[in-house]
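Enquirer: Sharing a structure, written as structure tokens. Questions coming.
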Amino acid sequence: MAEENIEAKLKHLLKQEKIQLWSPPYTTDQDRPGLTPMQDLAERYAPAVGFSPSEVASALELIRGQAVKRGQGNKTFKETCVATLELLLPRDGNKGTKTKNYLKTKLDVPVQEIMNRIGEEYGLKYVKLILNGKTLSADQRLDQQGVRNNSKMMVLRVSEEDRRRQITEEEQKKNQKESIERTQKGFQILSERDGSEDPDTTPFLEIADQKGNPLKIPHEEKKALILAMGFHEKGRSLLKRKQHDNALCHLLQADEQFGRCGSALLTMVDNYAVLQLDIVWCYRALEALSCLDDGKMRLQKAEDCFMHCYGEQQQRLLMIKGSCGREEVLFLRLYLLQSLLSYLEGNDGQATLQLQKVEALYSRLCPDADKMTQLTALGFSEREARLGLRACQGDVQEAAMHITNRRQEREALKDRERASRDRRLESVAALAELGYARRDAARALHQAEGDVNKAYAILVDAQTASVTNNNTETAVSPELVQQLLYLGFEREVSETALRLTGGDIQSATQLLLDNQGFLSPDLLSSSPPSSSSEPSTSSDDPSTSSDDPSTSSNKPRTSNEDRELVMEVLEDVSRHEEDYLDLTLEEEQELIVAMKRYLSRGSAHTV
């Protein structure tokens, strides 16, 4: 990190004095350094940057060499359109450091071609390329994804350590792709659940506020949010296991899904801010700090989101939860990463100020071993003890009371959720006894906000409209059909949806979105709703659906395969709602020590 710090300081000084190291007298006609001018410059700058003249001379030569190479690359690009890209390769296991390498290429080539070249040249079986925090798509061109001459790209090795070294490139690629696809599919299934199924056999996720109360969110945003949180949980699980390459892939997928949520929604939950911290923390672990051009932006997003969620002085958090000690670990990590980035930018003063805030928080939040022992002796878990002590500023008796109260609150919330689910199941069953499919009944009940009488009226109206429209074969508006076609739906299902909803374009759109553009045979037919009380057999996945009723009935929405997949992805979801706050601070303490060492080294040289 010291190298980045001294380079940043020197670049700032050079810019201030408008010194161009790639020009005489610092660079000769043979592109070699002008030894005397460079040495004079090093001796003059040494006191200002806080390093010895020899260290400054080495750093200046590195900057000069990079500038000369950059100038040559710019000339080449202008004449031949061949760009120079800087690659930050995965760490060498022997050296423990990141290696800078350069690659020359045209920009109108597919990313896959560059990935193949990197794989062949550096012996990497399968890689992903990251530019400014975004994963490049292999099937698109470099220039289509913002890659320019002199762009810096991080190369991630997508593989598991020793256990998978003998697996072929294609198998690794398939496994990585399947991991992401299975995570996405599992949480898509969960995002479609409406809470009407049996909770013992059908897992169900619900978006809640910081008190655990369900939030009312539009269907599409809820699906995107659940997918985002699913990828985030998977990424956090991999991060805990030190599988940083794979973790970053999942965290960036989560960031992409969060991007599909409205900005208002992102300010209601702190998940988005925590994700930004986790991404930058993952960059730090991968030692890719020199390409963190978007790191500062992500940390600013996190800070803004925390302010919206918690209040400027955490007053909103205090009002909701009664304390803010548990959440302070997030600010500790935020300030620590901000201190690190400030240091890498050469701003030692700002880095020191942020680090002082970190140390103050650390002294309060680092668990006291004796107090932890006292609480665990009372039967509390280590997590409960840590979070309780932080919430109560280290007071053991208050922490014990706090933990007990939290346990009671969680049990009360579970009881309310269980009672609400039971009432919903009873209402769905009552509507099913009247001859309606359970899924139709559940959808109507959701639309009626739990009122069974209103739900019944909705079902009756829908049935009447369906029979009337089918008997008279009422023509639908071509303009409305065209609107649905523009959204990407097929003509037949668009016309059917409009007939079923009496020509209401919004209801028709929602019906198609709920069924992902596929209407089951019982909806497409003119017969009245099924009298069976079993769940509807329609599938929301077009690839698993069929127009043949005989095959459709063999593919229930909640299949054993779906249930197994859901259980698989839920293995990475913490059972404790405050798991993301339960940081032991061991890694943070290591970084604090390193930061103090680097900052003290610079100050020791300062005259």
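Enquirer: Picking from R423, R407, R439, which residue would you name as being farther than 30 Å from R364 by Cα and either touching a helix residue (DSSP H, G or I) at 6+ places or on another chain (Cβ under 6 Å) or modelled with pLDDT of 80 or more (or both)?
Expert: That would be R423, the only listed residue that is farther than 30 Å from R364 by Cα and either touching a helix residue (DSSP H, G or I) at 6+ places or on another chain (Cβ under 6 Å) or modelled with pLDDT of 80 or more (or both).
Enquirer: Something else about it: Tell me, which residue of segment 577-607 that is modelled with pLDDT under 80 and not in a helix (DSSP H, G or I) is nearest to L344 (Cα to Cα)?
Expert: Applying the filter and picking the extreme gives T606.
Enquirer: Now for a separate question. Only one residue in V155, V147 is surrounded by 19 or more Cβ atoms within 10 Å (Cβ to Cβ), outside any loop (DSSP other than H, G, I, E, B) and of a type outside the set (G, A, S), so which one is that?
Expert: The unique qualifying residue is V155.
Enquirer: Moving on to the next point. So, in segment 103-145, exactly how many residues are closer than 18 Å to G73 by Cα and free of Cβ contacts under 8 Å to residues at least 24 places away in the same chain?
Expert: Number of matching residues: 1.
Enquirer: Suppose we filter K296, K301, K321 for residues that are under 23 Å from L361 (Cα atoms), among the charged types (D, E, K, R), surrounded by fewer than 22 Cβ atoms within 10 Å (Cβ to Cβ) and modelled with pLDDT under 85; which single one remains?
Expert: Result of the check over K296, K301, K321: K321.
Enquirer: What tally of residues in segment 232-242 results from selecting those that are assigned to a helix (DSSP H, G or I), more than 9 Å from the chain's Cα centre (by Cα) and not small (G, A, S)?
Expert: Final tally of qualifying residues: 5.
Enquirer: I've got another one for you. Being under 15 Å from I6 (Cβ atoms) and either in a helix (DSSP H, G or I) or among the acidic types (D, E) (or both) is the filter here; which residues of segment 39-51 pass it?
Expert: L41, A42, E43, R44, Y45, A46, P47, A48, V49
Enquirer: Please go through segment 25-43 and pick out each residue that is of a type in the set (S, T, Y) and surrounded by 14 or more Cβ atoms within 10 Å (Cβ to Cβ).
Expert: Once the filter is applied, which keeps residues that are of a type in the set (S, T, Y) and surrounded by 14 or more Cβ atoms within 10 Å (Cβ to Cβ), segment 25-43 yields Y26, T27.
Enquirer: Please indicate, with yes or no, whether at least one residue in segment 226-243 is modelled with pLDDT under 85 and touching a strand residue (DSSP E or B) at 6+ places or on another chain (Cβ under 7 Å).
Expert: Within segment 226-243, none of the residues are modelled with pLDDT under 85 and touching a strand residue (DSSP E or B) at 6+ places or on another chain (Cβ under 7 Å).
Enquirer: Also, I was wondering about something else. What helices (runs of 4 or more DSSP H) lie completely within segment 340-394 and have 3 or more residues being modelled with pLDDT of 90 or more and within 29 Å of the chain's Cα centre (by Cα)?
Expert: Filter on segment 340-394 gives 348-365, 382-391.
Enquirer: Right, another one. Give segment 243-271 a look and list any residue that's in a loop (DSSP other than H, G, I, E, B) and touching an Asp or Glu at 6+ places or on another chain (Cβ under 9 Å), or say none.
Expert: The answer is Q243, R260, C261, G262, T267, M268, V269, D270.
Enquirer: Next question. Any residue at all in segment 20-30 that is touching a Lys or Arg at 6+ places or on another chain (Cβ under 9 Å), β-branched (V, I, T), at pLDDT below 90 and under 28 Å from N101 (Cβ atoms)?
Expert: Within segment 20-30 (the criterion being touching a Lys or Arg at 6+ places or on another chain (Cβ under 9 Å), β-branched (V, I, T), at pLDDT below 90 and under 28 Å from N101 (Cβ atoms)), the answer is yes, since at least one residue qualifies.
Enquirer: In segment 21-38, what count of residues is obtained for those that are among the aliphatic types (A, V, I, L, M) and not in a loop (DSSP other than H, G, I, E, B)?
Expert: 2
The values are calculated or read from the model by the stated rules, or taken from the named source; none is laboratory data. Because the structure is predicted, anything quoted here is derived from the model rather than measured. FYI the Cβ positions are ideal-geometry reconstructions off the backbone, even for glycines, and counts take in every protein chain you see.
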